[in-house]
Amino acid sequence: MEPVQRVINNIDWITVIIFSSVLCIVIAKNLFYNRFLNFMILPFNNKYIFMYNKKDKLINWFNIFFTIFQLLNFSLFIYLASNILSNSENDHYPMVFLIILGFLLIFLFGKIFLQIGSGFVFNNNKIISEFIFKKLSYLNFSSIIMLAANIILTYVLNDSKIVVFGSIFLIVVVNVIGWITIIKNYQKIISSYFFYFILYLCALEIAPFVIIVNYLKDQGI
């Protein structure tokens, strides 16, 4: 009887990440129950945006918990998806996840600071703050899809490209809904600053996806 080599990937640290992100949701739900209920129907109803757009804005504990939740799940989803799409057979390396997390952290807050800075330059801080709040709200909601995908890819269908592409499709759909809502609400302002809006889309919204696609190509996908 010949021995068969069996490789067992260590997913304990992934479990810790998923549990930590779920803990953020649990805390947010318990502390802000009504706000949480309105947030959960965000793509289908704008009640959350109308109720909380004018107050609290970005600096509040509900947004903080969900932003942490988003960063953890977004980073983990990119990590798992890149491994699956590149057909990697290596063990799970937490250092790679931390690098992705650090990059997303710097990028997210760097983009927010640039947007706030543009608000000072063009003297429209209120509008920029509302814009960031709405866009971040839809991005935070899409992280719930990432959580579901991360759980499935870790514990159920470890090598499923269908889950990866299906999740990406749903994430894009949610954020497209958000962008349509934003453009409808600010169409007069966008038309007045159309050149700067296009410049913003290319530099801070489209460019990151181009960078991610190029990264995946470098991985041999």
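We did not get these values from a lab; they are worked out from the coordinates using the rules stated. Everything quoted here is computed from the prediction, not taken from an experiment. Glycine also receives a Cβ, built like all others from the backbone with ideal geometry; neighbour counts cover every protein chain displayed.
In table form, for the structure just shown:
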item	result
Among the listed pairs LYS111/LYS161; LYS47/LYS161; LYS161/LYS184; LYS29/LYS161; LYS134/LYS161; LYS126/LYS184, those beyond 27 Å (Cα-Cα)	LYS111/LYS161; LYS47/LYS161; LYS161/LYS184; LYS29/LYS161; LYS134/LYS161
Contour excess over end-to-end distance, with Cα ends at ASN30 and LEU157 and 0.36 nm allotted per residue	42.6 nm
Approximate spin-label separation ILE183-ILE99, in nm, with each point projected 7 Å along Cα-to-Cβ	3.6
Gain in span if fully extended, GLN115 to SER20, counting 0.36 nm per residue against the direct Cα distance	31.3 nm
